[in-house]
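Student: The following block contains the structure, expressed as structure tokens.
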């Protein structure tokens, strides 16, 4: 009976910790960023394949640029397509961030002080010893 109660308590504590972790702002922000990033990647691939490359294809002998090969099988066209996708994504994100960042709230500066774990006195962040109790502080 005592073991079953202990296990139930441990399970309940585990789920409580998991809920706190999963509902933190950073985890939710990351999940949203991954989903939006995947959708954005598909949009960029479509822009490259459907808008940019039809303009370039007539300049390439044989027409389809993604089918270009070197020698007996080095698929240079597919590689160049991936590089172009990456370049367009990187440029788009850079421009988007330049436009959005001025409207986002500034992040608070990193703390310059920390608390001594022994006497709870405030000490400089890089201190190796507490000035109040002279205890050696754990490294950061």
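Student: Which one of the conditions (1) out of contact with any strand residue (DSSP E or B) (no Cβ under 9 Å at 6 or more places or on another chain); (2) modelled with pLDDT under 90 does residue 76 fail to meet, given that it meets all the rest?
Tutor: (1)
Student: Which numbered condition trips up residue 50, out of (1) outside any loop (DSSP other than H, G, I, E, B); (2) surrounded by 10 or more Cβ atoms within 10 Å (Cβ to Cβ)?
Tutor: Of the numbered conditions (1) outside any loop (DSSP other than H, G, I, E, B); (2) surrounded by 10 or more Cβ atoms within 10 Å (Cβ to Cβ), the odd one out for residue 50 is (2).
Student: Something else: Given 125, 99, which one is modelled with pLDDT of 85 or more and within 22 Å of residue 38 (Cβ to Cβ)?
Tutor: Answer to the check: 99.
Student: Quick check on my filter: what residues within region 57-91 are more than 33 Å from the chain's Cα centre (by Cα) and either in a helix (DSSP H, G or I) or without any contact (Cβ under 8 Å) to a residue 12 or more places away in the chain (or both)?
Tutor: Just the residues of region 57-91 that are more than 33 Å from the chain's Cα centre (by Cα), to begin with: 57-64, 68-73.
Hits for region 57-91 are 57, 58, 59, 60, 61, 62, 63, 69, 70, 71, 72, 73.
Student: Hey, residue 135 hits all of (1) surrounded by fewer than 11 Cβ atoms within 10 Å (Cβ to Cβ); (2) at pLDDT 85 or above; (3) farther than 30 Å from residue 53 by Cα but one; which does it fall short on?
Tutor: Going through (1) surrounded by fewer than 11 Cβ atoms within 10 Å (Cβ to Cβ); (2) at pLDDT 85 or above; (3) farther than 30 Å from residue 53 by Cα one by one, residue 135 breaks only (1).
Results for (1) surrounded by 10 or more Cβ atoms within 10 Å (Cβ to Cβ); (2) on the phi > 0 side of the Ramachandran plot; (3) over 26 Å from the mean Cα position of the chain (by Cα); (4) modelled with pLDDT under 85, shown as yes or no for each residue.
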residue: 4; (1), (2), (3), (4): no, no, yes, yes
residue: 7; (1), (2), (3), (4): yes, no, yes, yes
residue: 18; (1), (2), (3), (4): yes, no, no, yes
residue: 22; (1), (2), (3), (4): yes, no, no, yes
residue: 26; (1), (2), (3), (4): no, no, no, yes
residue: 30; (1), (2), (3), (4): yes, no, no, yes
residue: 36; (1), (2), (3), (4): yes, no, no, no
residue: 41; (1), (2), (3), (4): yes, no, no, yes
residue: 45; (1), (2), (3), (4): yes, no, no, yes
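Student: Can you say whether residue 107 is surrounded by 13 or more Cβ atoms within 10 Å (Cβ to Cβ) and not in a helix (DSSP H, G or I), as far as the supplied structure shows? Write out each step before concluding.
Tutor: On the way: surrounded by 13 or more Cβ atoms within 10 Å (Cβ to Cβ): no; not in a helix (DSSP H, G or I): yes.
In short, no.
The values are calculated or read from the model by the stated rules, or taken from the named source; none is laboratory data. Every value quoted in this text rests on a predicted model; they were computed, and no experiment measured them. Don't worry about glycine lacking a Cβ; one is built from the backbone with ideal geometry, like all the others, and counts go over all protein chains shown.
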